[in-house]
Amino acid sequence: MAVRKEVPSCYHSCAASLPVALAKAGYDFPRNTLRHSFASYHLALHHDAAKAALEIGHNTTDILFRHYRELVTPEDARDWFMINCEGISDANILPMAKVG
């Protein structure tokens, strides 16, 4: 699978570019939205708080149970993780390198 040149090669570059791209597109995107969504859906789908905490960089499961538990159903979690870009044309994609 070929990697497009415009796509930053590491998570931190994408994480830094995403708020800029969304602001330019007129979206209000609160800080850590994707991280919090991942935690909620991962916990609902896998029912493994220790693994979810580890994946998002928490030392304990306390925060997961306090903030993320029971926010979504396992069915919603399956749907969230099935999101993909099939059928999206390149004309609808803003290259991250051109955002900043």
Revision key, fill the gap. Distance in nm between residue 71 and residue 46 label points, each 7 Å along Cα→Cβ, equals 1.6
Check your understanding: Given the Cα-Cα distance of residue 29 and residue 16 and 0.36 nm per residue of separation, how much length would full extension add, in nm?
Key -> 3.4 nm
Practice item. Treat the count of other C-beta atoms within 10 Å as a stand-in for reagent exposure and order 31, 69, 78 from fewest to most. Key: 31, 78, 69
Practice item. Counting only C-alpha contacts under 8 Å and six or more residues apart, can you give the relative contact order of region 30-84 as a whole percent? Key: 44
Check your understanding: According to the Cα gyration tensor, what semi-axes, each the square root of 5 times an eigenvalue, does the equivalent ellipsoid of region 30-84 have, listed from largest to smallest in whole Å?
Key -> 17, 13, 10
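Readers should treat all values here as calculations from the given coordinates under stated rules, not as data from a laboratory. It should be emphasised that the depicted structure is a prediction, and the values quoted were computed from it without experimental measurement. Note: ideal-geometry Cβ built from the backbone for every residue, glycine included; neighbour counts use all protein chains shown.
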